[in-house]
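The values are calculated or read from the model by the stated rules, or taken from the named source; none is laboratory data. Treat the numbers as computed from the prediction; the structure is a model and nothing was measured. Neighbour counts are summed over all protein chains in view; Cβ atoms, including those assigned to glycine, are modelled from backbone coordinates with ideal geometry.
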Amino acid sequence: MQIEYDKEVDALYIRIQKKKVAHTREIEEGVNLDVDSDGKIIGLEIIGATERYKPEDIFNLTTKNLILEKHSRRL
């Protein structure tokens, strides 16, 4: 897993797999889920990351804190 943060646009990207993105789905405003051609999650983008998380917590996120299962069924 790789975590990238773009301070200029306040965007956080959590890359789970290094695969080609087939689809991007907005799961809620400012939160986009990237999936591969098999529907498996590749990454998650969070726009306005510091509005959702404290800056000191951004790099302490774990996958268990990300509730994605209910959204992956819709892909």
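No other residue among Asp34, Asp38 is of a type outside the set (A, V, I, L, M, F, W, C), assigned to a loop (DSSP other than H, G, I, E, B), out of contact with any helix residue (DSSP H, G or I) (no Cβ under 7 Å at 6 or more places or on another chain) and modelled with pLDDT of 90 or more apart from Asp38.
Taking the criterion of being loosely packed, with under 12 Cβ neighbours inside 10 Å and under 15 Å from Arg52 (Cα atoms), the residues of region 1-23 that qualify are Lys7, Val9.
How many residues are surrounded by 14 or more Cβ atoms within 10 Å (Cβ to Cβ) and at pLDDT below 55 if we restrict to region 41-67?
Qualifying residue count for the region: 1.
Does region 24-35 contain at least one residue that is surrounded by 16 or more Cβ atoms within 10 Å (Cβ to Cβ) and touching a Phe, Trp or Tyr at 6+ places or on another chain (Cβ under 6 Å)? Within region 24-35 (the criterion being surrounded by 16 or more Cβ atoms within 10 Å (Cβ to Cβ) and touching a Phe, Trp or Tyr at 6+ places or on another chain (Cβ under 6 Å)), the answer is no, since none of the residues qualifies. Residues that are out of contact with any Asp or Glu (no Cβ under 6 Å at 6 or more places or on another chain) and farther than 12 Å from Leu44 by Cβ within region 19-33 comprise Lys20, His23, Glu29, listed in sequence order.
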